[in-house]
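Before any comments, here is the structure.
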Amino acid sequence: MRKVDPEKHAARRQAILDAARTCFARKGFHQTSTAEICAAVGMSPGNLFHYFPNKQEIIGAIVDQEGEETAAFFQTLGARDDLHAALLDFMDLVLELAADAEFSSLALEIAAEAGRDPAIAMRVGRNDRELRSALQGLLAVAAARGQVDATLDMADAATWVAALIDGIFSRVAVDGEFKPKNQHATMRVLLGRFLRPRADVSTMTAGA
């Protein structure tokens, strides 16, 4: 039996996921065939099944990877001194991703698939819980440092930030005139007023 090179296997698996992302974003999950994914990555259907048993597992792997990337990003945010600024930088990234037509389309496809497939719904739900937990943890530390309003319920605040993220992608889907890249300044004002310690908000208002 031929030994599998872990690095080559991982690289090939990633190539499949990258090709699938593009295909799914352009045509949707159910309109994309495994043959189209194979053509995009340059492999035979038989070879594809050495990496993923079916299309649903490709979708699931994409969801898993997005969760892992978000967790890794929050690890870097948590190492920052100013966590309020770190959160605003994260939201800037969300706006950049929402402005990417392929990423935004794929995000909406995943959300729709979660409503159809219980297995995908479980993975999406796990990602959502982990995101809100990471946001809550970051906000709690920021509050202890005096960087955000300590009177906020941090779990509720995290849920509202997550809802804002969801809303950004929904707005992109329904409003062709909404340009996420033009919303950085307004987003920072909204979150700044929501999260900043009350004394800071009073000073900002008085100086306006």
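The values are calculated or read from the model by the stated rules, or taken from the named source; none is laboratory data. The shown structure was predicted, so the numbers you read here are calculated from the model rather than taken from an experiment. Cβ atoms come from the backbone with ideal geometry, glycine included; neighbour counts cover every protein chain shown. Side chains are part of the model used for accessible areas, which takes the heavy atoms of the whole protein and leaves out ligands, DNA and RNA. Shrake-Rupley method; radii C 1.70, N 1.55, O 1.52, S 1.80 Å.
Checking each residue in segment 70-97 for being part of a loop (DSSP other than H, G, I, E, B) and either under 20 Å from P180 (Cα atoms) or not hydrophobic (A, V, I, L, M, F, W, C) (or both) picks out R80, D81, D82. Out of curiosity, is R123 at pLDDT 95 or above, in contact with a helix residue (DSSP H, G or I) (Cβ under 9 Å, 6 or more places away or on another chain) and either surrounded by 13 or more Cβ atoms within 10 Å (Cβ to Cβ) or within 16 Å of F74 (Cβ to Cβ) (or both)? Yes: the conditions hold for R123. Scanning segment 19-42 for residues that are under 25 Å from R116 (Cα atoms) and either of a type in the set (K, R) or exposed (fewer than 13 other Cβ atoms within 10 Å of the Cβ) (or both) yields R21, R26, K27, H30, Q31, A35. All conditions but one from (1) within 15 Å of the chain's Cα centre (by Cα); (2) surrounded by fewer than 19 Cβ atoms within 10 Å (Cβ to Cβ); (3) among the small types (G, A, S) apply to A114; the one that does not is (2). When each of E130, E109 is tested for being part of a helix (DSSP H, G or I) and crowded, with 19+ Cβ neighbours inside 10 Å, the lone residue that passes is E109.
Taking the conditions exactly as written (within 18 Å of the chain's Cα centre (by Cα) and surrounded by 17 or more Cβ atoms within 10 Å (Cβ to Cβ)), does L135 satisfy them or not? The answer is yes for L135. Only residues that are open to solvent by less than 70 Å² (accessible area, probe 1.4 Å) and not hydrophobic (A, V, I, L, M, F, W, C): list them for segment 72-99, please. Selection gives G78, D82, H84, D89, D92.
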